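Q: Sending over a structure as structure tokens; questions will come in a sec.
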Amino acid sequence: MARSTPPFTIGIEEEYHLVDLETRLIASDPPDALFATCKDKLGSLVNHEFMASQIEIGTPVCDSPAEAREQLVYLRSIVADVAEEFGLAPIAAATHPISRWQDMRHTDDSRYNDIAQDLQTVVRRLLISGMHVHVGLGEDDELRMDLMNQASYFLPHLLALSTSSPFWQGNDTGLASYRLSIFTELPRTGLPEHFDTFVDYQRHVDTLVQAGILQDATKVWWDMRPSDRYATIEMRICDVCTDVNDAVAIAALYMCILRMLYRLKGTNQRWRQYSNMLIAENRWRAQRYGIDEPLIDFGKGKLVPVPDLIEELLELTAEDAAAAGCEKEMAHLRTILERGTSAHRQRKTYELAIAEGADNDAALRSVIDELVQVTRAI
């Protein structure tokens, strides 16, 4: 009996900081009317985040990356238009260059109140924004687990392409993705565990649920996880991308990686699985350097420049990109490699402002101005 090909649908979630257009600081207490207006216009596609100063959007289920881009453009524009009415603007950057977490409060919601009580200062520092990408595989849970086990190898590559958090509380951290340093302080984060079967995964989750540690698997916050709400594999390692085209290109690459792994499965082939010890080394390198320094090619046993690794991935997934009709979106990955990620652009803007005589605070505010503009440049 011929197997049924999964739908490979795609959905993208993005978190934004809401900033005051006058001060450029994060709005620690944005008006309820802003969220209410967004809800009136977008319904369930927009939500609160843990921090009261953030807003989250999520596309509907899309059949292609091109459709996901249309939805992201629409959602960003609505949030930006509504925020502007209140003197605010969304920025798609994983950290805010100058605002302090100590000045923020979390959203007053039963789920978030429980998290705040449980995790204390660790979660109060969570002034960060990420991008999550869901790829739908139908109702085959065992397939989700099998592909997730293999796809975790590529998480550092995806992170490197998305980096947008070089600054934190007025300082250059020296990292391309400082967001990950903050997020990894939470429990049940980092690289996903490998499980032989979905049943085995569920058994482990159930152990924590029965012990009263978790309500459900939505509080497993790995870099990639089988979604507890949808029949998807959810990729969560990426910084939110300032440029919407970067977001869609990375989402398309993730989807095509899963399509490639599924295609290999059909010929009794699979991607070799490596230990989290090894993948974590690449994860750190991507967090520290982004695309600027090599990652380890474990098959070759040596460091390979990120552009070379991405070109190899483009070749490996060319058939899958063609089948999904997303060659254009995948080609944009080369643009990211050539002109850099948001982390590069933020540092360049800062350095230019300093060269023109600005002090540290003014230079960082110029970075925020650019983030506002690029987030809305759609």
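Nothing in this text is a laboratory measurement; each read-out follows from the coordinates by a stated rule. These numbers were taken from a predicted model, which means no experiment stands behind them. We place every Cβ from the backbone using ideal geometry, glycine too, and count neighbours over all the protein chains shown.
Q: Between E185 and I213, what's the calculated FRET efficiency when r is the beta-carbon distance and R0 is 22 Å? Round to 0.05.
A: Taking R0 as 22 Å, the efficiency between E185 and I213 is 0.80.
Q: Treating only the Cβ atoms of Lys and Arg (+1) and Asp and Glu (-1) as charged, compute the dipole magnitude of the chain about its Cα centre; round to the nearest 20 debye.
A: Numbers: 37 positive and 58 negative charges, 157 e Å.
The dipole magnitude comes to about 760 debye.
Q: Another question about this same structure. Give the order of F86, F167 when sorted by the count of other beta carbons within 10 angstrom, beginning with the fewest.
A: By the 10 Å Cβ count, ascending: F86, F167.
Q: Follow-up. How many nm separate the modelled label positions at E312 and L352, each set 7 Å beyond the Cα in the direction of the Cβ?
A: 3.5
Q: So for S77, S366, S177, fewest C-beta neighbours within 10 Å to most, what's the order?
A: The order, fewest Cβ neighbours first, is S77, S366, S177.
Q: Taking the Cα centre of each part, how many Å lie between region 323-378 and region 20-75?
A: 21
Q: Can you work out ³J(HN,Hα) from phi for every residue in region 146-151, in order, using Karplus 6.51 cos²θ - 1.76 cosθ + 1.60 and θ = phi - 60°, giving whole Hz and x for Gly and Pro?
A: 4, 5, 5, 4, 7, 6
Q: Report the relative contact order of region 36-170, percent, no decimals, based on alpha-carbon pairs under 8 angstrom and at least 6 residues apart.
A: Relative contact order comes out at 28 percent.
Q: Could you tell me the center-to-center distance, by alpha carbons, between region 254-271 and region 105-161 in angstrom?
A: If you average the Cα positions of each part, the centres end up 23 Å apart.
Q: What is the spin-label model distance, in nm, from R270 to A36 if the labels are put 7 Å beyond Cα along the C-beta direction?
A: A separation of 5.3 nm, rounded to one decimal place.
Q: Treating cross-link reach as a plain straight distance, find the lysines whose alpha-carbon is under 27 Å from the alpha-carbon of K300, omitting any fewer than eight places away in the same chain.
A: Here the lysines satisfying the reach criterion relative to K300 are K265.
Q: Give me W168, W221 sorted ascending by neighbouring Cβ count inside 10 Å, so fewest comes first.
A: Fewest to most other Cβ atoms nearby, the residues stand as W221, W168.
Q: With the crude spin-label approximation of a point 7 Å out along Cα→Cβ, what separation in nm comes out for V73 versus W221?
A: 3.4
Q: What percent do you get for the relative contact order of region 97-376 when only Cα pairs under 8 Å and 6+ apart count?
A: Here the relative contact order equals 26 percent.
Q: Once R0 is set to 51 Å, what does the formula 1/(1 + (r/R0)^6) return for the Cβ-Cβ distance between T197 and N360, expressed as a FRET efficiency to the nearest 0.05?
A: Working: r = 53 Å, r/R0 = 1.04.
After rounding, the FRET efficiency stands at 0.45.
Q: Would you mind putting 275-281, 188-194, 10-16 in packing order, based on average other-beta-carbon counts within 10 Å, highest first?
A: Going from most to least packed, we get 10-16, 188-194, 275-281.
Q: On a C-alpha basis, how far is the centre of region 294-310 from the centre of region 208-234 in Å? Whole number, if you could?
A: Centre-to-centre (Cα) distance: 31 Å.
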